[in-house]
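For reference, the structure is listed below as structure tokens.
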Amino acid sequence: MSPREFEEVIAAGQRVEPRDWMPDGYRKTLIRQIAQHAHSEIIGMQPEGHWLTRAPSLRRKAILLAKVQDEAGHGIYLYSAAETLGADRAELTAKLLAREHKYSSIFNYPALSYADVGVIGWLVDGAAICNQVPLCRSSYGPYARAMIRICKEESFHQRQGYELLMQMMRGTDAQRAMVQDAVDRWWWPALMMFGPPDDQSPNTAQSMAWGIKRHTNDELRQRFVDMTVPQGEALGVRFPDPALAWNAQRGCYDFTPPDWAEFTAVINGHGPCNDDRLAARKAAHEGGRWVREAAMAFARRSAEQQTA
Ligand code: BYC
């Protein structure tokens, strides 16, 4: 593919594939976004994974286990998509551990009660769906195709979260209070997941011109609020935003933006759990060293046997 053909493919809304010519900036932007996304899926196993040994029933444990395993799978598809661009998975992991790569701000907040498992499914996976469904039409083929399966699984995750919360809201006053407390704590971080406001987002314009992103951060944040508020009303929870109100003229909800100073601190490593999350990731990576070495030794031996 020539540079001109690349422009034509982008203009026609078609897909760029791994062997096609692409501008260096396009490749770099994709590696940055896909790696950040993969790291988020892997680090994102931690807040809920924390509750696996304390799930309140066998059924809840089976559901949570399946969800956390799905997140690991998403990380693996995404690292594979990054590898089609020439990135090396081991290097991407090293950059994450060295704090040179980011991962989603949301996973730097603690999951303090079992209601948080429900609220993460409802709000965090809900936000992820709003952000990721348009990425199924992203211009880079392997990323877009990975998103299709990921979105199907996220949609199951969101429903299991909502169903858990429904059950808790039908329970005792103490259970309802746990749900409300979890909504109060996760609402603002969920809004931050969509990234900085459009006028402070250095990457959006170019990523949209290349068809990597299909909507701006603020458009998707608004879509999430509009989708989530009626679900919260059906559930019987309040959102911690007194300014949240339907605006008939705009045909969508008005809402208060999250605290962007907090967002900046969190993505720069100063959130409530950044150090714990990276320490746990590092320990898991070290703990898995023998598995990687054994797999490499097995691959080497199989190759030698084949040659012989
Ligand atoms: N957190 O110019 P901008 C999941 C960074 S996991 C941290 O708007 P862009 C799940 C941004 O990287 C799914 N950093 O950037 C798993 C950039 O920094 P650098 C996670 C953020 O890329 C387990 C700078 O701020 N989803 O579903 O155009 C359990 C300026 O931003 C954040 C994805 O990863 C943030 N929230 O747009 C449950 C989605 N926001 O790299 C659930 C894929 C911004 O220049 N990613 N930054 O140093 C995207 O869609 C886009 O990358 C973003 C940001 C919308 C996040």
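Structure values in brief
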read-out: Residue among PRO202, PRO189, PRO197 that is open to solvent by less than 10 Å² (accessible area, probe 1.4 Å) and near the ligand (Cβ under 10 Å from one of its atoms); value: PRO189
read-out: So TYR103, is it closer than 20 Å to PHE156 by Cα, under 17 Å from the mean Cα position of the chain (by Cα) and open to solvent by 10 Å² or more (accessible area, probe 1.4 Å); value: no
read-out: Hits in the range 102-119 (condition: in contact with a helix residue (DSSP H, G or I) (Cβ under 6 Å, 6 or more places away or on another chain) and of a type outside the set (Gly, Ala, Ser)); value: LYS102, TYR103, ILE106, PHE107, ASN108, TYR109, ASP116, VAL117, VAL119
read-out: Test for ASP276: is it charged (D, E, K, R) and surrounded by fewer than 16 Cβ atoms within 10 Å (Cβ to Cβ); value: yes
read-out: Qualifying residues in the range 156-186 (those that are away from the ligand (no atom under 16 Å from the Cβ) and of a type in the set (Gly, Ala, Ser)) - the one nearest to VAL237 (Cα to Cα); value: ALA177
read-out: Wholly within the range 23-120, helices (runs of 4 or more DSSP H) carrying at least 2 residues that are more than 11 Å from the ligand (Cβ to nearest atom); value: 24-43, 58-83, 89-97, 114-119
read-out: Positions within the range 222-237 being of a type outside the set (A, V, I, L, M) and exposed (fewer than 14 other Cβ atoms within 10 Å of the Cβ), in sequence order; value: PRO230, GLU233, GLY236
read-out: Residue within the range 211-221 that is more than 10 Å from the ligand (Cβ to nearest atom), open to solvent by less than 30 Å² (accessible area, probe 1.4 Å), at pLDDT 95 or above and farther than 14 Å from VAL124 by Cα present; value: yes
read-out: Any hit, the range 144-155, residues being outside any helix (DSSP H, G or I) and within 10 Å of the ligand (Cβ to nearest atom); value: no
read-out: Neighbours by Cβ (under 9 Å, 6+ apart or cross-chain): first from the range 198-210, farther than 15 Å from ILE31 by Cα; second among the β-branched types (Val, Ile, Thr) and near the ligand (Cβ under 8 Å from one of its atoms); value: ASP198/THR204
read-out: Test: GLY126 is more than 9 Å from the ligand (Cβ to nearest atom) and of a type outside the set (Ser, Thr, Tyr); value: yes
read-out: Hits in the range 69-87 (condition: closer than 20 Å to GLY121 by Cβ and free of Cβ contacts under 8 Å to residues at least 60 places away in the same chain); value: GLN69, GLU71, ALA72, GLY75
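So that you can scan it fast, the table gives a plain yes or no per residue for (1) under 24 Å from MET192 (Cβ atoms); (2) among the β-branched types (Val, Ile, Thr); (3) surrounded by fewer than 18 Cβ atoms within 10 Å (Cβ to Cβ); (4) touching a residue at least 24 places away in the same chain (Cβ under 8 Å):
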{"position": "ILE43", "(1), (2), (3), (4)": "yes, yes, no, yes"}
{"position": "LEU52", "(1), (2), (3), (4)": "no, no, yes, no"}
{"position": "LEU58", "(1), (2), (3), (4)": "no, no, yes, no"}
{"position": "LYS67", "(1), (2), (3), (4)": "yes, no, no, yes"}
{"position": "ARG89", "(1), (2), (3), (4)": "no, no, yes, no"}
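The values are calculated or read from the model by the stated rules, or taken from the named source; none is laboratory data. This is a predicted model, so every value here is computed, not measured. Virtual Cβ from ideal backbone geometry, glycine too; neighbours counted across all protein chains shown. The area values use the complete protein model at the heavy-atom level, side chains included, leaving out ligands, DNA and RNA. Shrake-Rupley method; radii C 1.70, N 1.55, O 1.52, S 1.80 Å.
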